[in-house]
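Chemist: Questions regarding the structure given below will be posed in turn.
The values are calculated or read from the model by the stated rules, or taken from the named source; none is laboratory data. Please read all numbers here as calculations on a predicted model, not as lab measurements. Note that we place each Cβ from the backbone using ideal geometry, even for glycine, and neighbour counts take in every protein chain shown. Heavy atoms of the whole protein, side chains included, go into the accessibility calculation; ligands, DNA and RNA do not. Shrake-Rupley method; radii C 1.70, N 1.55, O 1.52, S 1.80 Å.
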Amino acid sequence: MRRRGLDFRRPVRKRFPNVVWWTVCGILVLVLIVVLSREGQIESKPTISRKPYRRDRIMEGVTVTDEMLSSNSVTRQLTDQISLAKAFVVIAKESNNLQFAWELSAQIRNSQALLSNAATRRTPLTVGESETAIRDMALLLYQAQQLHYDSATMLMRLRAKIQTLEEQMSSANEKSSKYGQIAAEEVPKSLYCLGVRLTTEWFGNPNLQKKHRERKQMDAKLKDNSMYHFCIFSDNILASSVVVNSTALNSKNPDKIVFHLVTDEINYAAMKAWFTVNSFRGVTVEVQKLEDFKWLNASYVPVLKQLQDSETQSYYFSGHNDDGQTPIKFRNPKYLSMLNHLRFYIPEVYPALKKVVFLDDDIVVQKDLSGLFSIDLNGNVNGAVETCMETFHRYHKYLNYSHPLIRAHFDPDACGWAFGMNVFDLVEWRKRNVTGIYHYWQERNVDRTLWKLGTLPPGLLTFYGLTEALDPSWHVLGLGYTNVDPQLIEKGAVLHFNGNSKPWLKIGIEKYKPLWEKYVDYSHPLLQQCNFH
């Protein structure tokens, strides 16, 4: 075995006479290193553990131009390199080249530190500061190309990565939507406490009931068409109070304002107690309950018959009948409440009135609204702000245009509009039998093939061709789910917190909450007892 070892080494000894060749190569390498060190083009970084790969070949493949190192572009160059390096880090890890991924990550941190320092001192990076970092990163990026991280491979892997991230994002969004909807449907303890205390006060205080009866007898304004009549259908005491209070405080003639409030039997006593105890600058407030409307029965109201159906209730609460295809926001049990559908029966609720402004309970009024009653609707029934600035809010978004009835009667690009602040001409409403139109479409949507759920789609059908577009400043939407232009908010007469993030909930958008909260008197004894803050 030893003799074979010696024989094996003999060919090596034959190469030692070639020392001249090795000497020349060594001198060339030393000269190259000296030249490069004099130019300051390569500086070893202590934070990067480099392998002794061939720098002479790498430098041949790197082109660092004057433009790349100019004072106007070094920040952009560093940012572009960081973005590309992050992609290579992902690919290197997937290829199990952890050492190279670590080197890239270390150089990314160095480059980010340079950008961060420049941003902190608010002065641009200089050529001297960035030259070394750019060149070191360029060396690594070139090596990545030599390791066959070519464009095609990178695109393929990044595409797969993006698809995975999109699936994860979709799952996260679905969970976020579900939990957000659950939070939006929950009644806060403070609101529940307020309802209980007011109900107790109503039934335990005969003087309060007497005061309510006396005030009701004196209100001849309820049927006076020279007054400004507003209606709200709600079971939320505090939200309704904010609507009334904000309207009163911003009105030039609050004594001419009449609010017609309809609630359900559960909240009826509490609503009466609250609006009897509190005054709103002389505004007249009438409180009615849904159960007192004798005409509101299943034989007259198609939607009421549908809402009482067990299959429909199961659909709203669970969504099992369509394998979960319907978004959870449309399976909100609030749609089972007739308070939500009462807006289509306003002429029946107020038979003596000629014009009414309908307000949702999630709005705030910050301008005088008397001008709404002098707007000429040009023979139309509904005055509303259109929402078709984007295609998202046109008819085709809300209705099923694969159904022949929808295709035959409605333009898919017609402008949608918003419920929440609507001027209704009740004279024209009765003349054109608008409630009959609503019944017609409800009866044809028993199987939910024309639209899924909600009140806006049937509203779009019912008032199609009967809606007058109002100036957008009358009604500003989106404060309950998105960012709204501050200038629109400042000019808006009515601000609408449509969406899940209601201002009375913890999930309300913080920057918009003060717009609503300034109309809540947190010093009120009942609000303090129920921990409103």
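Chemist: With the calculation restricted to Cα positions, what are the radius of gyration and Dmax of the stretch 331-490 in angstrom?
Modeler: Radius of gyration, then largest Cα-Cα span, for the stretch 331-490: 15.8, 44 Å.
Chemist: Keeping all protein chains in the complex and leaving out DNA, RNA and ligands, what accessible area do you get for Leu125 with a 1.4 Å probe, in Å² to the nearest 10?
Modeler: Here the residue's solvent-accessible area equals roughly 0 Å².
Chemist: How much net charge surrounds Gly204 when only the other residues with a Cβ under 15 Å from the Cβ of Gly204 are counted, with Lys and Arg +1 and Asp and Glu -1? Provide the component values of the computation, followed by the final result.
Modeler: Working: positive: Arg197, Lys210, Lys211, Lys272; negative: Glu201.
For residues surrounding Gly204, the net value is +3.
Chemist: Next question, about the same structure. Cα centroid distance between the stretch 198-260 and the stretch 364-404, in Å?
Modeler: 27
Chemist: Quote the FRET efficiency, to the nearest 0.05, computed for Lys189 versus His396 with a Förster distance R0 of 30 Å and r equal to the Cβ-Cβ distance.
Modeler: Working: r = 42 Å, r/R0 = 1.40.
So the FRET efficiency works out to roughly 0.10.
Chemist: Can you give the accessible area per residue of the stretch 394-533, in Å², using a 1.4 Å probe? Let's see the in-between values first.
Modeler: Values: 6550 Å² over 140 residues.
The answer is 47 Å² per residue.
Chemist: Heavy-atom accessible area of Lys210 with all protein chains present, probe 1.4 Å, nearest 10 Å²?
Modeler: We get 110 Å² for Lys210.
Chemist: Counting only C-alpha contacts under 8 Å and six or more residues apart, can you give the relative contact order of the stretch 189-530 as a whole percent? Let's see the in-between values first.
Modeler: On the way: 532 pairs, mean separation 61.3, N = 342.
Once normalised by length, the contact order is 18 percent.
Chemist: Rounded to the nearest Å, what's the spacing between the alpha carbon centres of the stretch 408-424 and the stretch 477-506? Just the number, please.
Modeler: 20
Chemist: If I take R0 = 30 Å and measure r between the Cβ atoms of Ala469 and Asp447 in this structure, what FRET efficiency does the formula 1/(1 + (r/R0)^6) give, to the nearest 0.05? Intermediate results must be reported in sequence, preceding the final value.
Modeler: Values: r = 33 Å, r/R0 = 1.09.
It comes to 0.40.
Chemist: 7 Å from Cα along Cα→Cβ at both Asn96 and Leu147: what's the point-to-point distance in nm?
Modeler: The answer from the label model is 1.4 nm.
Chemist: Still on this model: Sorted by accessible area (1.4 Å probe), largest first, how do Trp516, Trp295 line up?
Modeler: On the way: Trp516 5, Trp295 65 Å².
If we order Trp516, Trp295 from most to least accessible, we get Trp295, Trp516.
Chemist: For the full complex of protein chains and a 1.4 angstrom probe, list Glu428, Glu443, Glu490 by accessible area with the highest value first.
Modeler: Numbers: Glu428 30, Glu443 105, Glu490 135 Å².
From most accessible down to least: Glu490, Glu443, Glu428.
Chemist: Moving on to the next point. Full-extension gain between Glu167 and His409, please, as 0.36 nm times their residue separation minus the C-alpha to C-alpha distance.
Modeler: Numbers: separation 242, 0.36 × 242 = 87.12 nm, distance 3.83 nm.
Result: 83.3 nm gained on full extension.
Chemist: Pairs Lys211/Lys305; Lys189/Lys216; Lys223/Lys305; Lys223/Lys294: which are spaced more than 28 Å apart, C-alpha to C-alpha? Don't jump to the answer; show the numbers that get you there.
Modeler: Values: Lys211/Lys305 38 Å; Lys189/Lys216 31 Å; Lys223/Lys305 31 Å; Lys223/Lys294 20 Å.
Violating the 28 Å Cα-Cα cut-off are Lys211/Lys305; Lys189/Lys216; Lys223/Lys305.
Chemist: By accessible area of protein heavy atoms, probe 1.4 Å, what ranking do Met421, Met227, Met169 get, highest first? Present the calculation step by step, with values, prior to reporting the outcome.
Modeler: On the way: Met421 0, Met227 30, Met169 110 Å².
Of Met421, Met227, Met169, the descending order of accessible area is Met169, Met227, Met421.
Chemist: A further question follows. Under the classification rounded if a/c is under 1.5, otherwise prolate if a/b is larger than b/c and oblate if not, where does the stretch 189-530 fall, given a ≥ b ≥ c as square roots of the Cα gyration tensor eigenvalues?
Modeler: Values: a/c = 1.42, a/b = 1.35, b/c = 1.05.
Judged from the Cα gyration tensor, the stretch 189-530 comes out rounded (a/c under 1.5).
Chemist: At 1.4 Å probe size, with the rest of the protein present, what percent of the exposed accessible area of the stretch 189-530 is carbon and sulfur atoms?
Modeler: On the way: 7800 of 15600 Å².
After summing per-atom areas, the C and S share lands at 50 percent.
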